[in-house]
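The values are calculated or read from the model by the stated rules, or taken from the named source; none is laboratory data. Computed from a predicted model, the values in this text were never measured in an experiment. Heads up, the Cβs are rebuilt from the backbone with ideal geometry, glycines too, and the neighbour counts pull from every protein chain shown.
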Amino acid sequence: MQQRSAADHPPRGSTTSAVEVRRSSRRSRTVSAYREGDRTIVLIPARMSEAEERRWVSVMLDKLAAQESRRIPGDSELAERAERLSAQYFDGRARPVSVRWVTNQNTRWGSCTPAEGSIRLSHRLQGMPEYVVDYVLVHELAHLLVPGHGPRFWRLLDAYPRTERARGYLEGVVAADRLPHLPAARGE
């Protein structure tokens, strides 16, 4: 099996930092991909051209990202995720007592009660890209350290590299919700 790192394939998905393409002479038609730590492994037939390889890597990265966005973590996974994010961005100083999904937040993405150490995320975030959910978690974790939205709070959030992208995504969702819903075209 021939292996090579695919530096010319831009990484996609929120957790992928590298793509490795593995060519196999035993593989004749099928292409598959999976995550291995922070890498994505794409398995392709050895005879595939570089142009086909690029196309299939793109297709498989999109497919993996779609699968991951549909997977909804439970409350315990959400708590573990918050713990990892706190360790990564706040040296573990933000320690929530509970982190859970709630269905009664329709105007907020998340909320935090610092006195109780509780974080609640709106169920509307379920199915959104991981970096968006992570942003909301990081935002609420920051409230465990700094109340309000003053300069100190925003400096804390600067540690999360996808803050602006996630905020833009959420603003787009809100804007789309405000658009008038058009009637379906005939025949649909």
Task: Members of region 41-84 that are assigned to a helix (DSSP H, G or I), within 25 Å of ARG26 (Cβ to Cβ) and in contact (Cβ under 8 Å) with a residue 12 or more places away in the chain - done: GLU53, ARG54, TRP56, VAL57, SER58, VAL59, MET60, LEU61, LYS63, LEU64
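Condition test on HIS139, is it assigned by TED's automatic domain parsing to the domain that holds GLY168, touching a residue at least 12 places away in the same chain (Cβ under 8 Å) and buried (at least 20 other Cβ atoms within 10 Å of the Cβ)?
Values: assigned by TED's automatic domain parsing to the domain that holds GLY168: yes; touching a residue at least 12 places away in the same chain (Cβ under 8 Å): yes; buried (at least 20 other Cβ atoms within 10 Å of the Cβ): yes.
Yes.
Looking at GLY127, GLY150, which one is under 25 Å from ALA65 (Cβ atoms) and either surrounded by 17 or more Cβ atoms within 10 Å (Cβ to Cβ) or not assigned by TED's automatic domain parsing to the domain that holds ALA66 (or both)?
Numbers: GLY150 fails: under 25 Å from ALA65 (Cβ atoms).
Step by step, each of GLY127, GLY150 is checked, and only GLY127 is under 25 Å from ALA65 (Cβ atoms) and either surrounded by 17 or more Cβ atoms within 10 Å (Cβ to Cβ) or not assigned by TED's automatic domain parsing to the domain that holds ALA66 (or both).
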- [ ] Report whether or not LEU170 is surrounded by 11 or more Cβ atoms within 10 Å (Cβ to Cβ), assigned by TED's automatic domain parsing to the domain that holds GLU80 and at pLDDT below 95.
- [x] no
Open item on the list: Given the criterion within 22 Å of ASP62 (Cα to Cα) and among the basic types (Lys, Arg), identify the matching residue among ARG178, ARG152, ARG165.
Closed with: ARG165
- [ ] Would you point out which residue out of ARG93, ARG81 is under 19 Å from the mean Cα position of the chain (by Cα), in the same structural domain as HIS143 (by TED's automatic domain parsing) and on the phi < 0 side of the Ramachandran plot?
- [x] ARG81
- [ ] Return the only residue of PRO147, PRO96, PRO73, PRO151 being over 18 Å from ALA166 (Cα atoms) and touching a Pro at 6+ places or on another chain (Cβ under 9 Å).
- [x] PRO147
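When the residues of region 90-120 are filtered to those that are of a type in the set (Phe, Trp, Tyr) and not in a loop (DSSP other than H, G, I, E, B), which remaining residue is modelled with the lowest pLDDT?
First, the residues of region 90-120 that are of a type in the set (Phe, Trp, Tyr): 90, 101, 109.
Okay, now just the ones that are also not in a loop (DSSP other than H, G, I, E, B), so 90, 101.
Working: PHE90: 96, TRP101: 92.
Once the filter is applied, the top-ranked residue is TRP101.
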Task: ASP134 vs. criteria in a helix (DSSP H, G or I), within 22 Å of PRO161 (Cα to Cα) and not assigned by TED's automatic domain parsing to the domain that holds ALA159 - done: no
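What residue, of ALA87, ALA82, is at pLDDT 95 or above and out of contact with any strand residue (DSSP E or B) (no Cβ under 8 Å at 6 or more places or on another chain)?
Values: ALA82 fails: out of contact with any strand residue (DSSP E or B) (no Cβ under 8 Å at 6 or more places or on another chain).
Answer to the check: ALA87.
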